[in-house]
Amino acid sequence: MSDTANPKAANQMWGGRFAEGPDAIMTAINASIGFDKRLYAQDIAGSRAHAAMLAATGILTNKDALAIGEGLLTVLSEIEAGDFPFRVELEDIHMNVEARLKEIIGEPAGRLHTARSRNDQVAVDFRLWVRDQCDAAITGLEALMRAFVAQAEAGADWVMPGFTHLQTAQPVTWGHHMMAYVEMLGRDRSRFIDARARMNECPLGAAALAGTSFPIDRHMTAKALGFDQPTANSLDSVSDRDFALEFLSASSICAMHLSRFAEELVIWSSAQFRFVRLSDKWTTGSSIMPQKKNPDAAELLRAKLGRILGATVALFTIMKGLALTYSKDMQEDKEQVFDAADTLMLALAAMTGMVSDMTANRDVLATAAASGFSTATDLADWLVRALGLPFRDAHHVTGTLVAMAEAKGCDLPDLTLADMQSVHPGIRAEVMDVLGVENSVRSRKSYGGTAPDQVKVQVARWKAALA
């Protein structure tokens, strides 16, 4: 048995303080290689940058730095090929990589950890990984936003009911409804962009917690790894997980937006609404009811996205009681973030597919838009504009007319002029022009309103922004 495969010998990776190897249960609770092996690319990139800096500052010979750099590339290729022997007794990705590097290049591998601790090593690895996930989320969001913009452009003038309390409120356009989600996702995108900019400082070189006495060049490693600058306080550098919390927070808000649209898809695709049709790609059947076409993809997204909120709460709970600086509790940060990131990317991809693939039932939308007294507000506005009534009086007159139509079993446009004049004698025949849903949506011309021309303005703005 080789030293690196011996549990007792594994302790030699981090010093001679311990005479015996860990208990099996301690090994199980202590090891993180089962999940932090996902950081292999970031760990190797950080180590290569560190070795190059050690050589540039004269701390390491060029010969040793070259051997380390080439050896790390060998390790990288082994991992990517699936040939790397991950060992639980070596605890984590950092010690697994270093142990394998020693097997490949021998003694120079032991010099790699000069002026570095696993504390700043994991801090830089994790930050690099989360930064990559921000980039992935931004790309995924932009693809979904384009899908919503395409739906909005196609149906910029299609009328549909707008809702409050899930009750018909006023007519809006399909394009306007689609663009509401573009605005939400645009804010999500900006949150990931902001979080990425804020996390783009390099903790490498903070060492265990106090910095190092070696003459390192932290600006060099920061630049090599694509950071704007090194972090400014070594204590904060190794204990900070704000970058992960910001990623999770942005992901949670984004997940909430995706879940809201998933809920709308579930409602809209039902037989009672029939607002949209989802293709066979995103629906399933029933084992007993042959007529069923269930929106399972939307339902699963609605459920899965709760995991992201759960991960956010979990990491806040982990971090809230930790005194400076590093504590082993922080090892529990990664699984939460990994799962949330995986869930978010799956959700963005699935939602992009559903939005791109769904078909709006334009006739059904138009019929629904005209029901439920959806133009009552237009009538009240007309009474204010044409007759000079105070809005509260106009509201009362309109409410009386709605009650009359409800009693007659008809909608507002179906009332006769005589019916309306019985409530207010000043009402004229021209009132009928404002009671149609098409006229209603065209009249909402205020910036950001539902008028088709306004929708087209927003479509053009976002198409340019996403180009």
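The values are calculated or read from the model by the stated rules, or taken from the named source; none is laboratory data. Computed from a predicted structure; not experimentally measured. Ideal geometry is used to build each Cβ from the backbone, glycine not excepted, and the neighbour counts take in all protein chains shown. Ligands, DNA and RNA are stripped out before the accessible areas are found, and what is left, the full protein with its side chains, is counted by its heavy atoms. Shrake-Rupley method; radii C 1.70, N 1.55, O 1.52, S 1.80 Å.
Here the spin labels are modelled as points 7 Å beyond Cα on the Cα-Cβ line, and at Asn233 and Asp135 they lie 2.9 nm apart.
Among the listed pairs Lys408/Lys456; Lys293/Lys445; Lys102/Lys328; Lys37/Lys320, those whose Cα-Cα separation exceeds 28 Å are Lys408/Lys456; Lys293/Lys445. Mind pulling the angle between the C-alpha long axis of helix 118-154 and the longest principal axis of the chain? Nearest 10 degrees, somewhere in 0 to 90. Once rounded, one gets 20 degrees. What the Cβ-Cβ distance of Ala403 and Met289 gives, at R0 = 56 Å and to the nearest 0.05, is a FRET efficiency of 0.85.
Residues of the chain: accessible area per residue at 1.4 Å, in Å²? Spell out each step's value before the answer.
Values: 21670 Å² over 467 residues.
Roughly 46 Å² per residue, with all protein chains present.
Treating only the Cβ atoms of Lys and Arg (+1) and Asp and Glu (-1) as charged, compute the dipole magnitude of the chain about its Cα centre; round to the nearest 20 debye. Write down the numbers at each step before the final one.
Details: 46 positive and 57 negative charges, 111 e Å.
That gives the chain a dipole magnitude of about 540 debye.
Assuming R0 = 60 Å, what is the FRET efficiency of Asp242 and Leu417, from their Cβ-Cβ distance, to the nearest 0.05? So the FRET efficiency works out to roughly 0.35.
On C-alpha positions alone, give me the angle between the axis of helix 391-408 and the longest principal axis of the chain, in degrees, nearest 10. In the chain, helix 391-408 runs at an angle near 70 degrees to the longest axis. At 7 Å along Cα-to-Cβ for each site, give me the label-to-label distance between Val457 and Ala386 in nm. Between Val457 and Ala386, the label points sit 2.6 nm apart. When the solvent-accessible area of the chain is split by element, carbon and sulfur atoms take up 54 percent of it, the probe being 1.4 Å.
Modelled spin labels at Glu103 and Thr359, positioned 7 Å past Cα toward Cβ, are 5.7 nm from each other.
Expressed in nm to one decimal, what extension gain is obtained for the pair Val313 and Ser279 from 0.36 nm per residue of sequence separation less their Cα-Cα distance? Working shown, then result.
On the way: separation 34, 0.36 × 34 = 12.24 nm, distance 3.55 nm.
Difference between extended and current length: 8.7 nm.
Placing unit charges on the Cβ atoms of the charged side chains and taking the dipole of the stretch 24-111 about its Cα centre, the candidate lying farthest along the positive direction among Gly106, Pro85, Ala45 is Ala45. Counting only alpha carbon atoms, the long axis of helix 62-81 and the longest principal axis of the chain meet at about 50°. For Lys223 and Phe86, what is the calculated FRET efficiency with R₀ set at 25 Å and r taken between the beta-carbons, to the nearest 0.05? It comes to 0.20. Counting only protein chain heavy atoms and rolling a 1.4 Å probe, the accessible areas of Thr164, Thr400, Thr325 rank, largest first, as Thr164, Thr400, Thr325. The local environment of Gln421, defined by Cβ-Cβ distances under 14 Å, has a net charge of -1 under the rule Lys, Arg +1 and Asp, Glu -1. Of the listed residues Ile216, Ile193, Ile288, the order by accessible area with a 1.4 Å probe, largest first, is Ile288, Ile193, Ile216.
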